[in-house]
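In what follows, a structure is listed as structure tokens, so that the remarks can point back to it.
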Amino acid sequence: MVLLLWIFGSFWSTSALALNQILNIRHWVAPDHTRVVIDTSEDCTFTVEKDDRKIAVDLDDTDFPSHIPNLIRLNKPGVEGVALSPRPPSGVRVSLSVPGQAQTTVFKLRKIQDKPFRIVIDIVLPEVAKKESEARERIKITRKDRIVVIDPGHGGDAPGAVGRRKTLEKDVVLSISRKLRDVLNGKEGYRAFLTRDGDYYVSFNKRLMIAREYGADLFVSIHADAAKNRKAGGSSVYSLSTGGASSEAAKILAQNENLADVVGGVPNGEGSDASDPIILDMFQTHTINQSKTFGYKLLKHLEGANPLKFASVQEAPFRVLKLPEIPSVLIETAYISNPTEEKLLRSDRFRAKIAEAVARSVVEFLPPLPPVAVLVSDGKEAGKSRENSVRDVKAERKGEGGRAAETDAAAKTGHLLQAKAGKTPSAREEGSLYRIKNGDTLGKIARIYNTSIAVLLKLNAMKLRDPLYAGRLLKIPVATAATRRAEKQTAAGKLSPPANSGTGIYLVKRGDTLSGIARRHGTTIRVLRELNGLKGSEPLPVDRKLILPGKSSL
């Protein structure tokens, strides 16, 4: 009998050991969601049951943990608590009490690096997420300052590099990012925002979305480097490469940083890349050049805070920098794996020095915008104007052979005045601001000022479907006095400008288009057509002389 009990006891003990083990239950809190993570010893199967106030995750063939409390009170946004209970014959139920308006997602993650198998429960508060997104869009629409989005790397389940003294990269870079935000916000003409302001993970796609919703002029991702060689040290700056990396070190760094989505717990993180190759082709070369220009200013100022690892801006295909329209850099502030630099990174004084160096670089790269007053009325008329603008831009593209978007660069010629509330722009001013009235549409304003909807959108950092609030001041690329004189001459049938008119003559070359000529000479297709009496379908023969505002090209 004793022998049978011993055999049965041994069998039960072996069976229990063979079951999956719950190693830990952790949680991370973000403003718009809470994440609960169940660490498991094996890749176990599970089922999910949901109702209005509860979500239950049933783990099969799992031993009930004795080291974890049966009830964990959280009282966090979206989650009141977590309860554990046995589920016969050999399972565990993990129950979460959630508010009725929450959206829940459950998925599992494979074992990677030092992370075990994980079951992730995301409880999202859609109303909070929507309000945050709308707040960012409002800031973009009513902007009067330079906007810088600061991205503290890693966070939550992705700690990043870890120093010998257990210093976590995610904590260090959040501290530096907060200091940088505060320094920039203390400067007139600048507003800075963080992609995360706590210990939680933000996916690459959401980081980029946040920058776009703010209408950022600049995106700066803050990190702390690491290497097997403990003597490696120094600060470095990286920009995006659409091809390979500038060095083997840059390639390895990009590979490690690009794993953050997987480590941080994004479903299918290694494959989620929303970059459109067509958009990259259109914008990326110019944006990368701007990023490098900013990067070299950064290196100059960072060198005063810490020796440089590389004297030049390095390039690599960092996924967090894939913002085709926004100059973006990644800064490795110092090596957390270097004992000396880890000590520096733990120092509040050093973090402040890094923040000050980056802030000086931002100010040097981005001069403040002219002050613009904005008055916002109710959105009823704005909604009608937005609908009318959609119709206007379709008509404009049809009338100009689909080339309206190509005139965007003409907006750069508008020298903006510093606006005063209630001031109506004078016809003699070289550039101006227009105060929107009820009933206005972008198409109507574009026609009044002899420009295109595409130029107005570009110049004001707007999207076609952005609301057009009455009282808002809109930047307008107004033609120069010389151009207006030429337009009057054209209307009177005088196609040749007088010698002292300030206008010029351009000789058409093979391959020229009206849009290309307009772009190069800082004008619009509409102005060129009116100056030269051209019709929409009229061909542009080689060696034809075109009247244009500016100096002669002959």
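Points worth noting:
- Single condition Ser66 does not satisfy, out of (1) at positive phi; (2) more than 41 Å from the chain's Cα centre (by Cα): (1)
- Residue within region 59-67 that is touching a strand residue (DSSP E or B) at 6+ places or on another chain (Cβ under 6 Å) and at pLDDT below 90 present: no
- Test for Leu180: is it at pLDDT 95 or above, touching a Ser or Thr at 6+ places or on another chain (Cβ under 7 Å) and either farther than 27 Å from Leu474 by Cα or not assigned by TED's automatic domain parsing to the domain that holds Val36 (or both): no
- Here region 228-250 is the region considered, the condition is being closer than 22 Å to Phe294 by Cβ and in a helix (DSSP H, G or I), and the residue that is modelled with the highest pLDDT is Ala249.
- Boolean, Asp197 is farther than 17 Å from Thr142 by Cβ and assigned to a helix (DSSP H, G or I): no
- Counting only helices (runs of 4 or more DSSP H) that sit wholly inside region 440-493, those with at least 1 residues that are modelled with pLDDT under 75 and closer than 24 Å to Gly533 by Cβ are 442-448, 481-491.
- Strands (runs of 3 or more DSSP E) (entirely within region 69-142) containing at least 3 residues that are surrounded by 14 or more Cβ atoms within 10 Å (Cβ to Cβ) and touching a Leu at 6+ places or on another chain (Cβ under 9 Å): 79-87, 91-97, 117-124
- The residues listed here are Arg181, Arg164; of these, the one that is touching a residue at least 40 places away in the same chain (Cβ under 8 Å) and in contact with a helix residue (DSSP H, G or I) (Cβ under 9 Å, 6 or more places away or on another chain) is Arg164.
- Selection count, region 35-56, where residues are of a type in the set (D, E, K, R), in contact (Cβ under 8 Å) with a residue 40 or more places away in the chain and assigned to a strand (DSSP E or B): 4
- Once region 359-386 is narrowed to residues that are modelled with pLDDT of 50 or more and assigned to a helix (DSSP H, G or I), the residue that is surrounded by the fewest Cβ atoms within 10 Å (Cβ to Cβ) is Glu364.
- Exclusive hit being assigned to a helix (DSSP H, G or I), in the same structural domain as Leu208 (by TED's automatic domain parsing) and in contact with a Gly (Cβ under 6 Å, 6 or more places away or on another chain), set Glu356, Glu342: Glu342
- Filter result for Gly504 (at pLDDT below 75 and more than 30 Å from Arg146 (Cβ to Cβ)): yes
- Sub-9 Å Cβ pairs linking a first residue in region 294-309 that is within 19 Å of Leu240 (Cβ to Cβ) to a second residue that is basic (Lys, Arg) and modelled with pLDDT of 95 or more, at least 6 apart or interchain, are Lys297/Arg360, ordered by first then second residue.
- Qualifying residue in region 164-185 (condition: surrounded by fewer than 19 Cβ atoms within 10 Å (Cβ to Cβ) and under 30 Å from Ile436 (Cα atoms)): yes
- Residue within region 219-233 that is out of contact with any Lys or Arg (no Cβ under 6 Å at 6 or more places or on another chain), buried (at least 20 other Cβ atoms within 10 Å of the Cβ) and more than 20 Å from His301 (Cα to Cα) present: yes
- If only residues of region 2-28 that are among the hydrophobic types (A, V, I, L, M, F, W, C) and at pLDDT 90 or above are counted, the one that is nearest to Arg136 (Cα to Cα) is Ile25.
- For Thr523, the stated conditions hold: it is modelled with pLDDT of 60 or more, in contact with a Pro (Cβ under 8 Å, 6 or more places away or on another chain) and not assigned by TED's automatic domain parsing to the domain that holds Tyr434.
- Residues (at pLDDT 90 or above and either of a type outside the set (Lys, Arg) or farther than 19 Å from Lys54 by Cα (or both)) located in region 76-104: Val82, Ala83, Leu84, Ser85, Pro86, Gly91, Val92, Val94, Ser95, Leu96
The values are calculated or read from the model by the stated rules, or taken from the named source; none is laboratory data. All values reported here derive from a predicted model rather than from experimental measurement. Note: ideal-geometry Cβ built from the backbone for every residue, glycine included; neighbour counts use all protein chains shown.
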